[in-house]
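First the structure, in the form of structure tokens, and then the observations on it.
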Amino acid sequence: MKTCIVPVDFSDATEPLVEYACRFAKERPMHVVLVHVAEPLMSPLPSMAATDAFSGGVDVAVALPIDERAEHHQLKRWRKVFEREGVDCETHLLLGLAVDEIVQVAADKKADLIIMASHGRGALYHLFAGSAVTGVLKHTTCPVLVVPMKKK
């Protein structure tokens, strides 16, 4: 059975992405790995560190255990969409940088395909903020299918 990675971010693009990926996986028997990456939180350094050259912020661990986070419950709800359609699906909630974690899961699972949503943001946004799709395309070794966000 082939394996497909489907990263979700719980934005407006998630529902159309899940619907598309579900239809795609149902037509071609595939195991779906539904992934959400929670990026590390930033916290200002203690006031004593303000004189230090590095006073921008530090990564802090998330206080809640991974299975108690809201994202975990959202992933379980999306997994049920796949299961109702008879599509084998597992979920992963990861902490890290989205591109790095998506590429790593694809490598670990020996994925045959990654299906991602494009949010349809403009070139100026991508110039300054980048894009998870662009990052994954640059760093993965498996095919990536990009589902455009439908304009209303």
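From most to least packed by mean Cβ count within 10 Å, the peptides 97-105, 8-16 give 97-105, 8-16. If one computes the Cα centroid of the stretch 129-148 and of the stretch 1-35, what distance in Å separates the two points? First find each Cα centre; the distance between them is then 15 Å.
Among 109-118, 72-81, how do they line up by average Cβ neighbours within 10 Å per residue, starting with the highest?
Details: 109-118: 19.6, 72-81: 15.5.
Top of the packing list down: 109-118, 72-81.
No value in this document is a laboratory result; all are computed from the given coordinates. No experiment lies behind these values; they were computed from the predicted model shown. Cβ: placed from backbone, ideal geometry, glycine included. Neighbour counts: every protein chain shown.
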